[in-house]
Every structure is written in structure tokens, then in C-alpha cells.
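The values are calculated or read from the model by the stated rules, or taken from the named source; none is laboratory data. Model, not experiment: these values are computed from the prediction. So basically every Cβ, Gly included, is an ideal-geometry build from the backbone, and we count neighbours across all protein chains shown.
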Amino acid sequence: MTADLKPMSERKSEDIQNTIRAVYKYVLGNPHVMESERLVVAESQLQNGRYSVRDFVRAVAQSDFYRARHFSSVAPYRSVELNYMHLLGRPPQSQSEISEHIERCITQGYAADIDSYIDSDEYLAAFGEDQVPYNRGISTEAGISQITYNRMFAVDRGPSQVSSAVKSSQLVSAVAANRTTVIKRSSATVTGSGTEKRIKIVVSAGSNSEHNARMGAKNMLSAPATCHPRFSESIVQARRSSVFVKLYNLLSARTALRHSFLLSHY
């Protein structure tokens, strides 16, 4: 959404819907928004020309949806990181910026703190009245530190991440010590990489088939008590061969299914 945009009064209905989707995607941190969670009143005001994009961004950031995911359920430092990313398109640059917003939120309230981002000279210079906020950390701008890129990547790991999934601050040490943020490769052990959650799938073929096969093996690997001694050895060998083949086939199928799932997942 970096292109030059027309005023809301001159936009077509399709353009307005694209704008609404773009605001939900970026400002809300890439969630799946249910129909019941949409801000229908604010959307209507935007469509009727009573709201500018900046007004709509304000309504979204002050909504219960945003507050529940990016304020109430995350650490205070993380909340400030997310507000900077979602509303100004960059990470916090100094400890004083973080402290200022935490203090304002405590003394003046949540709504006043959100207003301080959207009413700032920086917001108006970067986005104006009718442009959707976007990731400014990937480009070089006058007055923006060069470490912004690394810090932005630590906060926003890409389009596969939902912002609210990461609860802890990603920059608390780097900002406090004013040092460079090291970019770590995405993995299951890198906080914020979007791959922390793992899924365990238990596969069972049929009704307790594996258990039944093993119990059958235990029972069938011995000759019947009434069996004539002359035939007992041949009966045991035949049953043993049959049971082992069944067990091997069952376990091979289960292993192949697990490998297929892992390859498709990663």
C-alpha cells in the first residue's frame, strides 16, 4: 500500500474493500478476522466518506479485537513493539520511546496512547490521511537508524507470522543496551519465527489394529497345547512368518505416513 492513493471520497467500492482488508491485515497483525469480529460501523463510516483511512486505523487500533491481542495478552514491552510496527511501520529505536509510551498508557489510558501514535507528526509525514500503514523498516529513510532493518525483522518475521502469537518482547535487551540485533534463522527454537508450535499426530489403522496384531503375535507364536509334538515346530514357524509380515507392513505404513506429514509440514 505504498502507492499514491486517492481521497476516500473519490475511491470506488472495490478500492475501499481492498483498503479495509489491507488495514485488517497489517494493523491487526495478520490474523484471520471472522465476520462477527469485523468493525462494521467503522467500515460503514469509511465507505460513506465520513472516515479517512487514518480514522479507520484509529478505530481498529482502539477496538476490543486489537486490545485483547496486542495489549491485554502480551508483555508491556511487546505491546509497545507491536504498536510501533502496526501504526508507524517501524520498531522502537530507543529506550526513551518505549518508556514514554508505557508511562502514557499508565497515566492517561490506552486510548490516549494509541492516539499519540496516530496523531504524531511521523504518522502524518509517512502515511497522511489516506494511506494504509506499511512496513517502513525494509527501506532507508532520513532520520531512521540503520539498525531499524534488523530490529524490524526481529519483531516481524514475515507474512506467515501472526503478531499476537509472540507474547514476549523481542527487543528489550537490544534497545536497552543500544546494540545491534542479530538476525537468527527461523526455526522451532527461535522465538518469533512463527514455527514454535508443533503438532503431534497419532495414527491408528482400523480399530486398535496395531495392538491386536501384537497381541495376536504373542498368542500365535506358540503351538496349541493339543498339537501333536510332531507338527508343533512347523506350525510355529508358519504362524511366525505370517505374523511378522503383518507387523512389518503395518509399521512400514505408519512410518511412511509420518514422513509424508513431516515433509509437507516443513
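Of all residues in the stretch 93-118, exactly one satisfies the criterion of being surrounded by 13 or more Cβ atoms within 10 Å (Cβ to Cβ) and not in a helix (DSSP H, G or I), namely 93. Checked across the stretch 5-17, the condition of being assigned to a loop (DSSP other than H, G, I, E, B), modelled with pLDDT of 90 or more and not aromatic (Phe, Trp, Tyr) holds for no residue. Quick one: which of 84, 117, 77 is assigned by TED's automatic domain parsing to the domain that holds residue 34 and at pLDDT 95 or above? Matching residue, one of 84, 117, 77: 117.
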